[in-house]
Amino acid sequence: MKPTDTKNPEYFHKVVDCQYACPAHTPVPEYIRLISAGKYTEAYMINWESNVFPGVLGRTCDRPCEPACRRGRIEEEPVAICRLKRVAADNKDDVRAFMPGIPSEMNGKRIALIGGGPASLTVARDLAPLGYEIHLYDEHAAGGGMMRSQIPSFRLPDDVLNEEVGYILDMGIHTHFNTYVSSMNEILEKGYDAVFVGTGAPRGRDLVLPGREEAGKNVHVGIEWLASVAFEHTHKIGKKVIVLGGGNTAMDCCRTSRRLGGEEVKVVVRSPFAEMKASPWEIEDAMHEDIPILENHVPKAYVIENGKLVGMTFEKVKAVYEQGKRTLVPSGEPEVFIEADDVLVAVGQQNSFPWIERDSGVDFDQWGMPLVDALTHQSTNQRVFFGGDAAFGPKNVITAVAHGHQVAISIDLYCKGEALTERPAPFTNLVSKKMGIHEWSYDNDVVNDQRFIVPQAEKKAALSDRKLEVELGFDIQTAIKEAHRCLNCDVQTVFEKDKCIECDACVDICPTACITFTVNGEEAELRTRLKAPALNLTQDLYVSDTLPTQRVMVKDEDVCLHCGLCAERCPTSAWDMQQYLYKVTKAG
Amino acid sequence: MTYIRPKFRHPDLPKNDLGYTTREYEGSLSTLCAGCGHDSISGSILQACFELSIPPHRIAKLSGIGCSSKTPNYFLGNSHGFNSVHGRMPSVATGANMANRDLIYMGVSGDGDTASIGMGQFVHVIRRNLNMVYIVMNNGCYGLTKGQDSATADAGSKSKAGSVNPFQPIDLAGLALELGASFVAQSFSGDKEQLIPLIKAAISHPGFAFINVISPCVTFNNNPGSTKSYDYVREHIEETGKTDLVPEKSEILASYESGTGTEVMLHDGTFIKLEKLAANRDPFNRMEAMNALRNARNRNEILTGLLYIETETEDLHHTINSTDRPLNTLEEEDLCPGSAVLAEINEDLR
Ligand SMILES: Cc1cc2nc3c(=O)[nH]c(=O)nc-3n(C[C@H](O)[C@H](O)[C@H](O)COP(=O)(O)OP(=O)(O)OC[C@H]3O[C@@H](n4cnc5c(N)ncnc54)[C@H](O)[C@@H]3O)c2cc1C
Ligand SMILES: Cc1ncc(C[n+]2csc(CCOP(=O)(O)OP(=O)(O)O)c2C)c(N)n1
Ligand code: SF4
Ligand code: SF4
Ligand code: SF4
Ligand SMILES: [Mg+2]
């Protein structure tokens, strides 16, 4: 193998598994260390810079960081990265003083943002401080998009959302609420220097089966129903409720039903339980609220008696796997009838752009999706950019934020007349953490604690109040213990070949057998002859140049605990522990 | 010195025949200086015992005094151990071996512990061919007492403070050969690939097995001008050949390249495989081994690898015809067979 190029900013970035997995590349270990130091405001601001909605995301994020967390590879559970973010948000002081100021003189450019969700708000957050005049349009009365209309209050209280949306709107954003934009051409005619489309994926799919028409108003499309609950148009539901679908929307529908009078609420899914799309924690919370989940049930018909919906029939199936493909085949068991007063359909969500004229210069593909550049987010109309769920289909809040940052860079480059493909490099910094022979300016003592559980409100109280937040958040003592589970993966093991005397001390001390000195070879073959086989191909091998004994140092990054023992044991400081700070560049 | 070591280990560590990983062979955290050669030797002993799938409770570690003699604390934490008095490890090992011949005796000593204060004990344990492994972690100085020249320091070797050693060194491997040791090897702490198989062979050898391991003292004897520094040793090492220990059950002939080496069967059916032997080297000829060692010294080279082995060897228990059962398992009736037996013996003496 070639010696590893640690100058490539992505090499050490990739070692910070959580940060690398985060679409917005939040410097996770850095904020977790700040939390253990009681510096909640600083921890909040690190988050805010990257992900804009720490309070919201600390409660609702899809947390792609957690499955990536190295801790999950050395013991059962990853660090509770998401819920620690909430600790920073809940315990911070007033942060307004740290927010970027708005220049007294604007730069003369006007930008329209269509849709008031997290994607648009992020674009606003990045561009307003640069002097852009921002006009934000949304059909609803307040900003937040689906964070407001879809995510139920028992998961995300209004005041948390309002606070974080407010930080942005207070940057002198011109809001046009209660304004549905019905024509792209009209917007383009208004002479904005750039237009951003952050309108989400607003259409929920209905499920048309025999009886659908007669069932009428007792069958609801999940996301429409959730929005009407959020905006207080809907206050109750029948005692018996069927929720169709196995994703997170279904979980929010069933739990909301339990709070609006649903006593026997059942989630019914076509696939096996193990293949449900919903996050495991969402499923767990639903089941905790006495909601059974019935797997392998394919809906057949709405059953109507005396002109009224009384339930649904289902065919039972089993999953058959052939060549990695799954098919559902009838199990031969008798049809199942389940009683219901109401049915909530949560079987998918789609984009829809009825308001964008096909002659607006924005081209669409055969599935009705806009043609958008994956890097620059520019559409075929150079002045129009897409982000969030509107760009590539429904994802989540953190992805919308990540898009927002990239769009802001593109719009800024576009307005300056610069090439959009020349993206500014990330900010990186690598500093030694050495304080003394066995002293580091980070806590390198790896604790054995298992993941701590976030306490929840009492079930009865939670079910009787739609707005009562279920999760209570970590108390500070527990938060600090949980924070200590972080392995500080941003504190890198940095090897300086010329200092090494090949004494093997690092090899012998490393608790997780990461380091091997051996003759070089091709990667696939080298992976098999390390001290412990390097089976996780997603994790890099860190390889040095050839040493005097004609061997190379090979470190498998996979399960390194970042404990610093290699560096402590190295007589020549050929190893050093150095903190790597990586920040995605913002516009400007 | 490092104070804490995380409890987590690599989830895919290889397992040996007992189902153990190297974790079961670890000891407590070393307190030696970072980079000390002794720690690598500890690592090699640990690895050798793991690879041989020896149940840790079947091993007794014995040592004297010195940094080297402290190391048994840092490997095989689940084995028996006795950290004895300076230079007296051989006596304790002899006593222990006499009382329980069923254990594997792993003696660890230093060049000070062996070649100075313990010299008298060392020569006698060789003479007696006690069934044990005797490893000297040889750094040419008294590390524990801050680096004074030891009796194995080469004449002309410079200390960290700049003084030059005027005395001739004692060549421990040469001495062991001279005194009739049945297994003599030499190695370097920084060459685990060579050292681990040598330790495995030494453990399998049914008599006294001596390994002199050059082991740089990073703190007091790793300076330019020292002949026991990492750099000097690496530049002056000469290998006699490659050694490997092949367990009885594996198909040795298949993997064996004819014409490149020799294989030696040990009493327990395992084989020692010697590969790529240097020209004119014959590990079964004591005289030849002594000459090779001497010639290498004259060239300022350090000859490493298996120098000599006597496969048909009889250890002390055979020589003194002691009982096959370990003494510590003998009951009162075995030891005091009663007046009838006494009368019989007396009758014999009439
Ligand atoms: C039930 C449900 C629960 C969810 N839970 C989570 C969760 O826990 N965590 C998570 O990360 N993600 C969750 N999501 C997904 C997340 O809400 C979205 O991915 C995210 O909000 C997308 O952001 P966005 O900025 O692209 O658009 P959106 O948030 O969808 O915002 C778009 C806004 O634009 C408005 N709009 C649309 N068209 C027009 C127009 N023509 N004129 C004016 N306004 C218009 C819409 O009304 C909306 O307010 C959930 C989604 C659903 C449906
Ligand atoms: C009877 C006695 N005499 C002297 C000492 C002091 N002493 C302790 S260790 C040591 C020398 C150890 O040298 P070596 O065996 O080479 O061990 P190293 O520390 O170099 O590994 C001496 C002289 C002692 N502990 N006991
Ligand atoms: S920091 Fe060093 S000693 Fe610790 S696990 Fe990583 S490589 Fe091993
Ligand atoms: S401890 Fe340091 S000098 Fe020794 S082998 Fe490791 S990196 Fe090289
Ligand atoms: S003084 Fe020398 S021999 Fe003793 S621990 Fe330190 S380096 Fe090793
Ligand atoms: Mg010594």
Next on the checklist: Suppose we keep only residues that are within 16 Å of B:Asp39 (Cβ to Cβ) and crowded, with 21+ Cβ neighbours inside 10 Å within region B:218-227. Which one would you say is nearest to the other protein chains (Cβ to nearest Cβ)?
Outcome noted: B:Val218
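Have a look at A:Lys190, A:Lys217, A:Lys240 and point out the one that is of a type in the set (D, E, K, R) and at pLDDT below 95. Steps first, answer last, please.
Values: A:Lys190 fails: at pLDDT below 95; A:Lys240 fails: at pLDDT below 95.
Result: A:Lys217 is the single residue among A:Lys190, A:Lys217, A:Lys240 that is of a type in the set (D, E, K, R) and at pLDDT below 95.
Show me the helices (runs of 4 or more DSSP H) entirely contained within region A:163-248 in which 2 or more residues are assigned by TED's automatic domain parsing to the domain that holds A:Val401 and touching a residue at least 24 places away in the same chain (Cβ under 8 Å).
Details: elements: A:184-189, A:212-215, A:222-230.
Of the helices (runs of 4 or more DSSP H) lying wholly inside region A:163-248, those with at least 2 residues that are assigned by TED's automatic domain parsing to the domain that holds A:Val401 and touching a residue at least 24 places away in the same chain (Cβ under 8 Å) span A:184-189.
Kindly evaluate A:Ala419 against the criterion of being at pLDDT 95 or above and assigned to a helix (DSSP H, G or I). Can you show your working first?
On the way: at pLDDT 95 or above: yes; assigned to a helix (DSSP H, G or I): no.
The answer is no for A:Ala419.
Kindly indicate whether A:Ile509 is closer than 16 Å to B:Gln47 by Cα and within 16 Å of ligand 5 (Cβ to nearest atom). I'd like the intermediate steps shown before the answer.
Details: closer than 16 Å to B:Gln47 by Cα: yes; within 16 Å of ligand 5 (Cβ to nearest atom): yes.
For A:Ile509, the condition - closer than 16 Å to B:Gln47 by Cα and within 16 Å of ligand 5 (Cβ to nearest atom) - is met.
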Checklist entry - What's the number of the condition A:Ala301 fails, among (1) closer than 19 Å to A:Ser464 by Cβ; (2) small (Gly, Ala, Ser); (3) outside any loop (DSSP other than H, G, I, E, B)? => result (1)
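Report yes if some residue within region B:54-65 is within 15 Å of ligand 6 (Cβ to nearest atom), closer than 19 Å to B:Thr219 by Cβ, within 21 Å of the chain's Cα centre (by Cα) and at the interface with another protein chain (Cβ under 9 Å from one of its Cβ atoms); otherwise report no.
no
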Item to check | Candidate set from region B:5-45 (those that are within 9 Å of chain A (Cβ to nearest Cβ) and free of Cβ contacts under 8 Å to residues at least 12 places away in the same chain); member that is surrounded by the most Cβ atoms within 10 Å (Cβ to Cβ) | outcome: B:His10
Next on the checklist: It is to be established whether one or more residues within region B:29-44 are of a type outside the set (Val, Ile, Thr), more than 16 Å from ligand 4 (Cβ to nearest atom) and not in a strand (DSSP E or B).
Outcome noted: no
Checklist outcome for this item: Residues of region A:442-463 being away from chain B (no Cβ under 12 Å) and surrounded by 15 or more Cβ atoms within 10 Å (Cβ to Cβ), in sequence order, are A:Tyr442, A:Arg451, A:Phe452, A:Val454, A:Ala457, A:Ala462, A:Leu463
Item to check | Residue satisfying all of: in region B:124-162; near ligand 5 (Cβ under 10 Å from one of its atoms) and aliphatic (A, V, I, L, M); nearest to B:Phe183 (Cα to Cα) among these | outcome: B:Met137
Item to check | Residue list for region B:146-193, restricted to those being of a type in the set (Phe, Trp, Tyr) and away from chain A (no Cβ under 14 Å) | outcome: B:Phe167, B:Phe183
Next on the checklist: I need the full set of residues from region B:1-27 which are of a type in the set (Ser, Thr, Tyr) and either touching a helix residue (DSSP H, G or I) at 6+ places or on another chain (Cβ under 6 Å) or assigned to a strand (DSSP E or B) (or both), in order please.
Outcome noted: B:Thr2, B:Thr22, B:Tyr25
Checklist entry - Does A:Asp545 count as under 16 Å from A:Lys2 (Cα atoms) and either within 32 Å of the chain's Cα centre (by Cα) or acidic (Asp, Glu) (or both)? => result yes
Checklist entry - Considering B:Gly81, B:Gly110, which residue is within 12 Å of ligand 6 (Cβ to nearest atom) and either more than 13 Å from the chain's Cα centre (by Cα) or closer than 19 Å to B:Gly43 by Cα (or both)? => result B:Gly110
Item to check | Condition check for A:Ala513: under 25 Å from A:Gly436 (Cα atoms) and in contact with a strand residue (DSSP E or B) (Cβ under 9 Å, 6 or more places away or on another chain) | outcome: yes
Checklist entry - Taking the stated definitions as given, is A:Thr41 away from ligand 5 (no atom under 16 Å from the Cβ), closer than 17 Å to A:Leu161 by Cβ and either more than 14 Å from the chain's Cα centre (by Cα) or modelled with pLDDT of 95 or more (or both)? => result no
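So which of A:Gln406, A:Gln382 ends up being modelled with pLDDT of 95 or more and surrounded by fewer than 20 Cβ atoms within 10 Å (Cβ to Cβ)?
Details: A:Gln406 fails: surrounded by fewer than 20 Cβ atoms within 10 Å (Cβ to Cβ).
One residue alone meets the criteria, A:Gln382.
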Item to check | Subset of region A:464-493 (residues that are surrounded by fewer than 18 Cβ atoms within 10 Å (Cβ to Cβ) and of a type in the set (A, V, I, L, M, F, W, C)) | outcome: A:Leu468, A:Leu472, A:Ile476, A:Ile480
Checklist entry - Could we say that A:Arg73 is assigned to a helix (DSSP H, G or I), of a type in the set (D, E, K, R), within 14 Å of chain B (Cβ to nearest Cβ) and over 13 Å from the mean Cα position of the chain (by Cα) here? => result yes
Checklist entry - Given region A:481-570, what strands (runs of 3 or more DSSP E) lie entirely inside it while holding 2 or more residues that are within 12 Å of another protein chain (Cβ to nearest Cβ) and within 9 Å of ligand 4 (Cβ to nearest atom)? => result A:515-518
Checklist entry - Is it true that some residue in region B:76-84 is more than 16 Å from ligand 5 (Cβ to nearest atom), closer than 23 Å to B:Gly147 by Cα and more than 14 Å from chain A (Cβ to nearest Cβ)? => result yes
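Of everything in region A:25-50, what is among the hydroxyl-bearing types (Ser, Thr, Tyr) and either in a loop (DSSP other than H, G, I, E, B) or surrounded by fewer than 23 Cβ atoms within 10 Å (Cβ to Cβ) (or both)? Give them in sequence order.
As a first pass, look at region A:25-50 and keep what is among the hydroxyl-bearing types (Ser, Thr, Tyr): A:26, A:31, A:36, A:40-41, A:44, A:50.
Answer for region A:25-50, where residues must be among the hydroxyl-bearing types (Ser, Thr, Tyr) and either in a loop (DSSP other than H, G, I, E, B) or surrounded by fewer than 23 Cβ atoms within 10 Å (Cβ to Cβ) (or both): A:Thr26, A:Ser36, A:Tyr40, A:Thr41.
The values are calculated or read from the model by the stated rules, or taken from the named source; none is laboratory data. The shown structure was predicted, so the numbers you read here are calculated from the model rather than taken from an experiment. Neighbour counts are summed over all protein chains in view; Cβ atoms, including those assigned to glycine, are modelled from backbone coordinates with ideal geometry.
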